[in-house]
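The values are calculated or read from the model by the stated rules, or taken from the named source; none is laboratory data. All of these numbers come straight from a predicted model, not from anything done at the bench. Here the Cβ is made from the backbone with ideal geometry for all residues, glycine too, and neighbour counts use every protein chain on show. With ligands, DNA and RNA removed, areas are computed over all heavy atoms of the protein, side chains included. Shrake-Rupley method; radii C 1.70, N 1.55, O 1.52, S 1.80 Å.
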Protein chains: 4
Amino acid sequence: MWLPIDPRSPKPVYQQVVDAVKEAVAKGMLEPGDRMPAVRELASQLTINHNTVARAYQELERDRVIEVLRGRGTFIATSRPCPDRDARVRAVAARIRELLIEAHHLQMNEEELLELFQVTLREWRQERRQAQA
Amino acid sequence: MWLPIDPRSPKPVYQQVVDAVKEAVAKGMLEPGDRMPAVRELASQLTINHNTVARAYQELERDRVIEVLRGRGTFIATSRPCPDRDARVRAVAARIRELLIEAHHLQMNEEELLELFQVTLREWRQERRQAQA
Amino acid sequence: MWLPIDPRSPKPVYQQVVDAVKEAVAKGMLEPGDRMPAVRELASQLTINHNTVARAYQELERDRVIEVLRGRGTFIATSRPCPDRDARVRAVAARIRELLIEAHHLQMNEEELLELFQVTLREWRQERRQAQA
Amino acid sequence: MWLPIDPRSPKPVYQQVVDAVKEAVAKGMLEPGDRMPAVRELASQLTINHNTVARAYQELERDRVIEVLRGRGTFIATSRPCPDRDARVRAVAARIRELLIEAHHLQMNEEELLELFQVTLREWRQERRQAQA
DNA sequence: GTGGTCTAGACCACC
DNA sequence: GTGGTCTAGACCACC
């Protein structure tokens, strides 16, 4: 399994692993029930420390993206609404607010931001289609 | 001047100051030409160290949100398009993609996300109107 | 007298005055014997503090760009080789070295820098000719 | 690692560190991939505070001269063209103009300045050759 | 008055 | 181990 890890990024490596797995799932490249590599195996493939992968797996399990079946391995979870959904929806709203602030400082008005949103959405749909083909 | 600082947040305090000032400017609560409190004065109001405020001011100056008039004080800048606008617009698009991934894991489909976007936008407009009244 | 002063610049205001006068002299816009405005008069024209102008005049006198004739006024000096010429030539060489370092980090090789030097020189000559016309 | 730091200089110490590292890279004394000393180690070698070195490293990272690998150390970056190259080339041209003004006040004509430029360039090349030998 | 820099020493996240 | 942040208190240049 390959994931785009950049050790030079200011984003912590474990967080990059978490985000990359979430993106792969969102795009349908990984599906519920798919087996994830063992911690040490993925670490070796990405040439990062196994502790870093272990931490990422813990985070992904907390977010119910993966399920660890002790002694059997790690798998993409069958998605169910997670208990703290409301909190996370509020978090998404907070990030939308951050976009509005950033857009203001770029002298991008709300209509332009909305359009950028829709353009990005179209690109995203196309990537998903290609990933699943 | 009051800014919402949370010393327990994982976000660095100086970054919280930067973000709070940018938000206040985006909402119109601070306008071009307005005087900012002196470094030590704001530090005392927020009960944080003056070095932390100084670092926030330097960051805000680099982002052209404020202007430092040597020996005279600090003021909200008259906003001008920044030279690296394209790079920052790409950064906004990248953050929109993150929202799309997060939404998927919350079983929020694209229509629901778009609606959340628009609801948040309406709230934002209202806050701005109140701030300017 | 008008000089391009920007209170927002990181360069100290008194230094901006010094540099602007030196530039005007180098271009021939101010000539030996020309009378400089009184400290308070120039300060009022530039809307800056008179102490700031006074400090600039002291610096210019030290560099033998102007001469203060007590009770009579301040004048552009008749240029003579200054005693610390060698030290200042070394300073120019040091600044050329800084340009070489900067050019390297811009992936500009020595030939390109030399060409930029010559282009800038041609522009400079043209400006001088226009200023003197 | 030794860098020429002068605590009496009007140039801030952190800036001296930044400039010295840029010079070492430009001369080929430091090459892409080379490991930089740890912040606290360099601080102790230069007998300055670790915060001062940390600030210099942050500045160098922003200028893409070094790369920070989180938790692993700091390395000289593989140089890539920076996005704001045009702005920085203009800055170099502005500094060449300053040299022309300074040369005028030293009664150095343009030919002499050009010659000083070329002499300095020759010295620079020689230093680089020695550094790389 | 203003912001900028530096030291000393602490604590933290990350790998 | 690594770099990043924060406080406390000092000193400085500039206006």
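Treating r as the C-beta distance of C:Gln107 and D:Lys11 and R0 as 30 Å, the FRET efficiency rounds to 0.75. Loop-resident trypsin sites (Lys or Arg not before Pro) (DSSP state other than H, G, I, E or B) in segment C:58-104 with no more than 11 further Cβ atoms inside 10 Å of their Cβ: C:Arg70, C:Arg72. Our note on the geometry: Cα centres of segment A:54-133 and segment B:92-133, 12 Å apart.
Per residue of peptide D:113-119, the mean number of Cβ atoms on other chains within 10 Å of the residue Cβ is 4.
Taking all Cα pairs closer than 8 Å and separated by 6 or more residues, the relative contact order of segment C:13-76 comes to 40 percent. Evaluated over the Cα positions of segment B:13-76, the convex hull gives a direction-averaged projected area, one quarter of its surface, of 3.9 nm². With a 10 Å cut-off between alpha carbons and a GNM built on chain D, which of D:Val13, D:Val53, D:Val119 moves the most? Among D:Val13, D:Val53, D:Val119, the largest mean-square fluctuation in the Gaussian network model of chain D belongs to D:Val119. Within 10 Å of the Cβ of each residue in D:86-92, the mean number of Cβ atoms contributed by other protein chains is 4.
Net charge dipole, the protein assembly as shown: roughly 840 debye, given to the nearest 20, about the Cα centre with Cβ charges of +1 for Lys and Arg and -1 for Asp and Glu. Run the count for the protein assembly as shown, please: Lys pairs, Cα-Cα under 17 angstrom, 8 or more apart or on different chains. So the count works out to 6.
Across chain A, the volume of the C-alpha convex hull divided among the residues equals 135 Å³ per residue. The mean number of Cβ atoms from other chains found within 10 Å of a Cβ in peptide A:23-29 is 3, as a whole number. In the complete set of protein chains, residue-level accessible area for D:Cys82 is approximately 20 Å², probe 1.4 angstrom. Relative to the longest principal axis of the Cα atoms of chain B, the long axis of helix B:85-105 makes an angle of roughly 50 degrees. The Cα trace of the protein assembly as shown gives Rg and Dmax of 28.8, 97 Å, the first to one decimal, the second as a whole number. Largest accessible area first, the residues A:Glu110, D:Glu112 order themselves as D:Glu112, A:Glu110 under a 1.4 Å probe with ligands, DNA and RNA left out.
The angle between the Cα long axis of helix A:13-26 and the main principal axis of chain A comes to about 80°, on a 0 to 90 degree scale. Rounded to the nearest 10 Å², what accessible area does C:Asp6 show when all protein chains are kept and the probe is 1.4 Å? Accessible surface of C:Asp6 is approximately 60 Å². Please give the calculated 222 nm ellipticity per residue for chain B, where each DSSP H segment of at least 4 residues contributes -39500 (n - 2.57) and the sum is spread over every residue; nearest 500 deg cm²/dmol? Calculated mean residue ellipticity at 222 nm is -20000 deg cm²/dmol. Please work out whether segment B:61-133 counts as rounded, prolate or oblate from its C-alpha gyration tensor, where a ≥ b ≥ c are the square roots of the eigenvalues and a/c under 1.5 means rounded, while otherwise a/b larger than b/c means prolate and anything else oblate? Here segment B:61-133 falls in the oblate category.
GNM on chain B, alpha-carbon springs under 10 angstrom: the most fluctuating residue among B:Gln58, B:Gln15, B:Gln118 is B:Gln118. Here the alpha carbons of segment B:47-99 define both size measures, Rg and Dmax, at 14.6, 44 Å. Largest first, the residues A:Met29, B:Met1 sort by 1.4 Å accessible area into A:Met29, B:Met1.
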